[in-house]
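**Q** Please see the structure below; I have some questions.
The values are calculated or read from the model by the stated rules, or taken from the named source; none is laboratory data. It should be emphasised that the depicted structure is a prediction, and the values quoted were computed from it without experimental measurement. A quick note on method: Cβ atoms are made from the backbone with ideal geometry, for glycine too, and the neighbour counts reach across all protein chains shown. The accessibility values were calculated without ligands, DNA or RNA, using every heavy atom of the protein model including side chains. Shrake-Rupley method; radii C 1.70, N 1.55, O 1.52, S 1.80 Å.
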Amino acid sequence: MRSVRALSMKGLALAIVCALGIALARPEAGAAATQMLARVYPESKDYMEQVVQQIRLLDLDIATVKAGTYVEIVTTPEEVRFLETELGLDVEVLIPDLAAHREKQFGAGRIAFGPYYTYQEMIDALDMIHAAYPDITTPKINIGGTWEDRILWAMKVSDDPTYEDPDEPELLFDGVHHAREPIGCSICIYTIEHLVENYGINPEITEIVDTREVWFVPVVNPDGYVYNETYSSGMWRKNRRDNGGGIYGVDLNRNYGYMWGYDNIGSSPTPSSETYRGPAPFSEPETQAMRDLMESHEFTFCQDYHSYGDLCLYPWGYDYIYTPDHDIYVELADSLTRVNNYDPGTPWELLYLVNGGSIDYEYGEQTTKPKIFGFSNEVGSAFWQPDTNTILGQFQENLGANLFMMRVAGSVDVHYNGHLIDDTVGGNANMRIDPGEVADLIVKVRNSGMAEANNVEGTITEWDPYLEVIEGTSSFGDIPPIGTGNNASDPFVIQIAHATPVPYALPIAIEITASGGHAWTDTFEVWVVTTGYADDMEAGVGDWTHEAITQGFNDEWHLSTERNHTPAGSYSWKCGDTGTGPYSNFDDAGLMTPPFGLDPNSTLTMWHWVEAETSEAYPGRAYDGGIVEITVDGGVNWVEVEPEGGYPYTSRGTTGPFPVGTPLYSGAYDWSEAVFDLSDYMGAVRLRFRFGSDQGVVREGWHIDDVEVSAPQIATVELAPDVTIVPRGGVLSYTATVTNLTTQMQSFYARTLVQLPGGGTRYLLGPVPVTLQPSEVLVVPVSHNVPMIAPLGEYGYTAQIGTPPNNLIDDDTFLFTVVEE
């Protein structure tokens, strides 16, 4: 059933304030009330945050949140009636009787866990693993007890498991803080099995086990976990503290000490609540055991497994703020989610506020223990899924993320991360390499590991006939953990031949080494390009490329005949379906120009047509839209560029690819010109037109046409011949006038050439360097002797300024005729 009533947020808030005195007490296990699984839909995605907050105020049991779409709750018929009739919310019941549903899945009577491990099966699995692999595992370790005298068991996997090696990085994986989330136990056991079974066989696994100490606590909440073996719905969440009055349980993931009880939204002071934080921080023996384990070790990472929602969560959870290491978290989460395709973000971004949570404690407490980069993966689409293949699939999608953590914990991982050209000394100072130039090659590198990379050095190798490496070794110094560095103080030096074609990509291989015997090899390309770019799309795809930027998102760029701006033209690039069809949910599509050169004070102009989803409740905010980006380092890093007058909207940042507050184009308007000042950028660049969408409402999309990048002319050259008929053996004379059109000093090259009567070209002067002061006019008389053997006929005489032949600022030509003496 679904109600179709909708209540405005103002009315909803008023109704809840009036209803706060109504007790919606949740039933204890065994009570008569039927537990259900239901979805609550907001009036629109604009009101999603308010709906989540109001559900928290009512202290309802949130299972997961699909950002911008719905809230999934474990509820009762009474609560559903209240939400529908009193608050006018749209509620869909997914499972009307969770106990009956679970019995249908797993069988009636005492509840078996099917393909999940029970508490005892977990203990037996640890014992069997150690018996089979005693040299690389510890016996199960008792790290603490529970209210009902059960034990939190741990296991360490390492090449010398009984020795605490201070030089080996430590990691911690755990599961089942919440009793109804058994997938965490399964992933821990399966990960242990993968390590031990592949040790000595798979080189990567062997290196991990030999150089890491990897800890596992498969079940943090044994009492609640065992309780679900007899409680037919399997929905018990908390531990089994006796709170008195027949009320049991503390939410262990609200009982950690960091920011415990920060407010009553991120946790509850009410013992009957599913998010009851307990009477004091670390009041529970289970969280005390986890605290003591973390304080007695130096864990680099901790991964707490929960379910469900396919999310990768990181701090902060307690308030709407980011940690000081937010950039590091974003990068790590990006690497983790490239493996499992989960949505990364903080709890408040993707779910709701959480205080007293494990990941905030792991990162935030840095006095009694080292800083731990804590993550919480919300796995799957349900608490209980009886299909073995589904569970194995969930393990596989998280195995890669677990192995990534193990690789980078305490290690170094240095790779190429872009490059820049400095041709100030050996070229024309346009920050790109042109034919015939010598230039410094500055390479950027990134250390994705959690340890400092010391004495980083690089060697580049040439294998292209147009490229000569003059200085091929360089020092980068020390690179910090999750940090970047470059060799600007000791650059590589390269030269390219005068005959290098344009455009052209020069391939370069780089070997990077660091202390400790580390070595990495990467390849990249240095572009030799022409200046400026223009395309009206009428010649077809050309050198444009496009791709999905974020894994799991869509790319819908294509040449379209539906809309066009070019006079008498037919085509534009469109992100969206063919014709007037709408774009899809979850687009993150990049349309890239080919490489081209930027001269000083360049400007991008483009025409575009937009129809994308904006927010009705939040003026100036949008859910979908497009941005323009530029790269100056070969496409490794992209930066958003701002149009004149600014973008009209900022992103609401729900489930789309753009973070909250990203300026973007959205809304609906006809063809419009946009102008971008590119004067902050130089060198060889590319532009990217990027369109992103979240889940929900879709429109027609974004059309791009008539793109042009050009720079104002900085200088002119004019030729004035003295005569235009010259006899053999005579003198050709003329005056060249070169004018600086700007108020800044300009430096470039000049050369002259003649076109012969029978075809062909002969170069006469240059290229020679020219430097003009602001607004300077240079007048140069020039004369050439005409050889006695010069062919008779008409000649063309040309002067060029810029970096000829490929990047011209200006040129001028006059005709003259050679006759008999």
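**Q** Keeping to the range 617-642, report how many residues are among the small types (Gly, Ala, Ser) and either surrounded by fewer than 18 Cβ atoms within 10 Å (Cβ to Cβ) or within 15 Å of the chain's Cα centre (by Cα) (or both). Can you show your working first?
**A** Within the range 617-642, the subset among the small types (Gly, Ala, Ser) is 617, 620, 622, 625-626, 634-635.
The next check asks that each one be either surrounded by fewer than 18 Cβ atoms within 10 Å (Cβ to Cβ) or within 15 Å of the chain's Cα centre (by Cα) (or both); those that pass are 617, 620, 635.
So the count comes out to 3.
**Q** Any chance you could count how many residues in the range 291-313 are touching an Asp or Glu at 6+ places or on another chain (Cβ under 8 Å) and under 27 Å from residue 65 (Cα atoms)?
**A** Taking the range 291-313 as the starting set, the residues that turn out to be touching an Asp or Glu at 6+ places or on another chain (Cβ under 8 Å) are 294, 297-300, 302-313.
The next check asks that each one be under 27 Å from residue 65 (Cα atoms); those that pass are 302-313.
Number satisfying all stated conditions: 12.
**Q** What is the one condition in (1) more than 31 Å from the chain's Cα centre (by Cα); (2) at pLDDT below 95; (3) not basic (Lys, Arg) that residue 251 does not satisfy?
**A** With (1) more than 31 Å from the chain's Cα centre (by Cα); (2) at pLDDT below 95; (3) not basic (Lys, Arg) applied to residue 251, the lone miss is (2).
**Q** Give me the pairs, please: first residue somewhere in the range 226-244 and modelled with pLDDT under 95 and among the small types (Gly, Ala, Ser), second residue anywhere and open to solvent by 30 Å² or more (accessible area, probe 1.4 Å) and outside any loop (DSSP other than H, G, I, E, B), beta-carbon distance under 7 Å, and either six or more positions apart or on two chains.
**A** 232/103
Yes or no, residue by residue, for (1) under 32 Å from the mean Cα position of the chain (by Cα); (2) among the hydrophobic types (A, V, I, L, M, F, W, C):
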residue	(1), (2)
671	yes, yes
691	yes, yes
698	yes, yes
719	no, yes
728	no, no
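**Q** If you check 731, 738, which single one turns out to be farther than 30 Å from residue 350 by Cβ, at pLDDT 95 or above and crowded, with 20+ Cβ neighbours inside 10 Å?
**A** 738
**Q** Could I ask something else about it? Yes or no: residue 762 exposed (fewer than 14 other Cβ atoms within 10 Å of the Cβ) and basic (Lys, Arg)?
**A** Considered against the rule, which asks whether it is exposed (fewer than 14 other Cβ atoms within 10 Å of the Cβ) and basic (Lys, Arg), residue 762 comes out as yes.
**Q** Something else: If the Cβ limit is 8 Å and pairs must be 6+ apart or interchain, which residue in the range 459-479 that is on the phi > 0 side of the Ramachandran plot pairs with which residue that is of a type outside the set (Ser, Thr, Tyr)?
**A** What qualifies is 477/455; 477/456; 477/485.
**Q** Restricting to the range 513-539, give me the number of residues that are part of a strand (DSSP E or B) and in contact with a Ser or Thr (Cβ under 9 Å, 6 or more places away or on another chain).
**A** Number of matching residues: 9.
**Q** Just to be sure, is residue 161 open to solvent by less than 60 Å² (accessible area, probe 1.4 Å), of a type outside the set (Lys, Arg) and either closer than 24 Å to residue 223 by Cβ or not in a strand (DSSP E or B) (or both)?
**A** It is true that residue 161 is open to solvent by less than 60 Å² (accessible area, probe 1.4 Å), of a type outside the set (Lys, Arg) and either closer than 24 Å to residue 223 by Cβ or not in a strand (DSSP E or B) (or both).
**Q** So, one more: Which condition does residue 645 not pass, out of (1) at pLDDT 95 or above; (2) surrounded by 20 or more Cβ atoms within 10 Å (Cβ to Cβ); (3) in a loop (DSSP other than H, G, I, E, B), if it passes all the others?
**A** Going through the list (1) at pLDDT 95 or above; (2) surrounded by 20 or more Cβ atoms within 10 Å (Cβ to Cβ); (3) in a loop (DSSP other than H, G, I, E, B), residue 645 breaks only (2).
**Q** On to the next question. Could you please let me know if residue 570 is touching a residue at least 40 places away in the same chain (Cβ under 8 Å), touching an Asp or Glu at 6+ places or on another chain (Cβ under 8 Å) and either open to solvent by less than 40 Å² (accessible area, probe 1.4 Å) or in a loop (DSSP other than H, G, I, E, B) (or both)?
**A** So residue 570 does not fit the description; no.
**Q** Kindly indicate which of 693, 651 is free of Cβ contacts under 8 Å to residues at least 60 places away in the same chain and open to solvent by less than 60 Å² (accessible area, probe 1.4 Å).
**A** When all the criteria are applied, what remains is 651.
**Q** Quick check on my filter: what residues within the range 537-567 are surrounded by 15 or more Cβ atoms within 10 Å (Cβ to Cβ), closer than 26 Å to residue 633 by Cα and of a type in the set (Asp, Glu)?
**A** 555, 556, listed by residue number.
**Q** From the set of residues in the range 514-529 that are open to solvent by less than 50 Å² (accessible area, probe 1.4 Å) and not aliphatic (A, V, I, L, M), which is farthest from residue 211 (Cα to Cα)? Reasoning before the result, please.
**A** Initial filter on the range 514-529 (open to solvent by less than 50 Å² (accessible area, probe 1.4 Å)): 514, 520, 522, 524, 526-529.
With the extra rule that they be not aliphatic (A, V, I, L, M), the set shrinks to 520, 522, 524, 527.
Working: 520: 19, 522: 25, 524: 31, 527: 41 Å.
Filtering the range 514-529 for residues that are open to solvent by less than 50 Å² (accessible area, probe 1.4 Å) and not aliphatic (A, V, I, L, M), the one farthest from residue 211 (Cα to Cα) comes out as 527.
**Q** Further question on the same structure: Is it fair to say residue 143 is outside any helix (DSSP H, G or I) and either among the β-branched types (Val, Ile, Thr) or crowded, with 24+ Cβ neighbours inside 10 Å (or both)?
**A** Yes, satisfied.
**Q** Only one of (1) of a type outside the set (A, V, I, L, M); (2) buried (at least 20 other Cβ atoms within 10 Å of the Cβ); (3) more than 27 Å from the chain's Cα centre (by Cα) is not met by residue 447, so which one is it?
**A** Condition not satisfied by residue 447: (3).
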